[in-house]
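The values are calculated or read from the model by the stated rules, or taken from the named source; none is laboratory data. Here the structure is a predicted model, which means the values were calculated and not measured. With ideal geometry, Cβ positions are generated from the backbone for all residues, glycine too; neighbour counts draw on all protein chains shown. Each accessible area value is taken on the protein alone, full model and side chains, heavy atoms only, with ligands, DNA and RNA left out. Shrake-Rupley method; radii C 1.70, N 1.55, O 1.52, S 1.80 Å.
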Amino acid sequence: MTMHKKKLVAGNWKMNGTLAANEALVKALVGGLDSPACDVAVCVPAPYLSQVQSLAKDSAIALGAQDVSAHASGAFTGEQSAGMLQEFGVRYAIVGHSERRQYHGESDEAVSAKAAMALRHGITPIVCVGETLQQREAGQTDEVVKRQLAAVIHDNGHCISEIVVAYEPVWAIGTGKTATPEQAQAVHHLLRAQLHHAAGDHAAGIRILYGGSMNAANAAQLLAQPDIDGGLIGGASLKAPDFLQIIAAANQAMSAPRA
Ligand code: PEP
């Protein structure tokens, strides 16, 4: 029997929310969470960091950002530095989400520089990797995710055990199409091996989340896979009952016997 890693369930609100909706959502989450076994985070739009920081104060919910600048300060209009995020108690920052790679042209190198900046400020980067449908159909999934992760390992090798990885097949994000547990497990296993090759035993504690239309109905099966250490949840993280059910599934998966 091996030890269960502490799973992480992180919500990605994307560009959604209002002061009123956030208050209702976070209050419902805080009210519905009694000391979860897994870690829980919500990655919120930057203008709401302060609001959610106070709403989630003294709760099990950690605060996350959806991006972080690769630069420390200066003439980078529209960006937020890791130092600024740190001032608001941010614990996690998503980097390299496919929407940033796609709409903002973020390269593997840029994503890696963002991860480095987060790490330097004690913020855990949630590094997203994942293939498009076209890449999957062309048999390029392994090559794509390995290339994306390799860039981050290359620049952050010395503290790679501090990162979280999220495997998010682009074709499954916001589409209602989920990778099967077997498809996801196969890629997670590959990423695990890559991390192990880079960092040896230090890699054992790195959490690899699955993201892509994870919801209350499919979470348990995905989270039961040996190399799926949690979820990055978009749409379903905006509905308190659904997000709470996914957290319950993660708690349950951690207490299940493991061969
Ligand atoms: C995401 O935005 O990271 C995500 C996984 O979205 P969804 O759960 O809506 O597919």
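Note on the chain: helix-only mean residue ellipticity at 222 nm, from DSSP H runs of 4+ residues weighted -39500 (n - 2.57) and normalised by residue number, equals -12500 deg cm²/dmol. In the context of the full set of protein chains, residues of the chain present 45 Å² of accessible surface per residue (probe radius 1.4 Å, heavy atoms only).
Report the far tail of the P(r) of the stretch 1-103, meaning the percent of Cα-Cα pairs longer than 20 Å. Walk me through the numbers on the way to the answer.
Details: 2219 of 5253 pairs.
That tail contains 42 percent of the Cα-Cα pairs.
Surface composition of the chain: carbon plus sulfur atoms hold 54% of the accessible area, using a 1.4 angstrom probe and ignoring ligands, DNA and RNA. Expressed in units of 2.2 N^0.38 Å, where N is the residue count, the Cα radius of gyration of the stretch 153-259 is 1.08. What's the longest piece of the chain with no exposed trypsin sites (Lys or Arg not before Pro), counting a site as exposed if DSSP puts it in a loop and it has at most 12 other beta carbons within 10 Å? Here the longest segment lacking exposed loop sites spans 58-176. What's the whole-number percent of alpha carbon pairs in the stretch 175-221 lying beyond 15 angstrom? That fraction is 49 percent. Working from Cα pairs under 8 Å separated by at least six residues, relative contact order for the stretch 18-114 is 25 percent. Reducing the stretch 73-106 and the stretch 168-227 to their Cα centroids gives an inter-centroid distance of 23 Å. Taken as entire DSSP H runs, the helices of the chain that both span 24 Å or more between Cα atoms along their own long axis and average -1.0 or more on the Kyte-Doolittle scale are 181-199.
The alpha-carbon positions of the stretch 110-206 define a convex hull whose volume is 101 Å³ per residue. If you wrap the tightest convex hull around every Cα atom of the stretch 64-177 and split its volume per residue, you get 105 Å³. Counting only aspartates and glutamates at least 8 places from residue 239 when in the same chain, those with an alpha carbon closer than 17 Å to its own are 23. At q = 0.13 Å⁻¹, what is the base-10 log of I(q)/I(0) for the chain according to the Debye formula with one equal point scatterer per Cα and no solvent? Please give it to two decimals. Values returned for q = 0.13 Å⁻¹ are -0.77. Here each label is just a point 7 Å from Cα along the line to Cβ, and for residue 77 and residue 120 those points are 2.4 nm apart.
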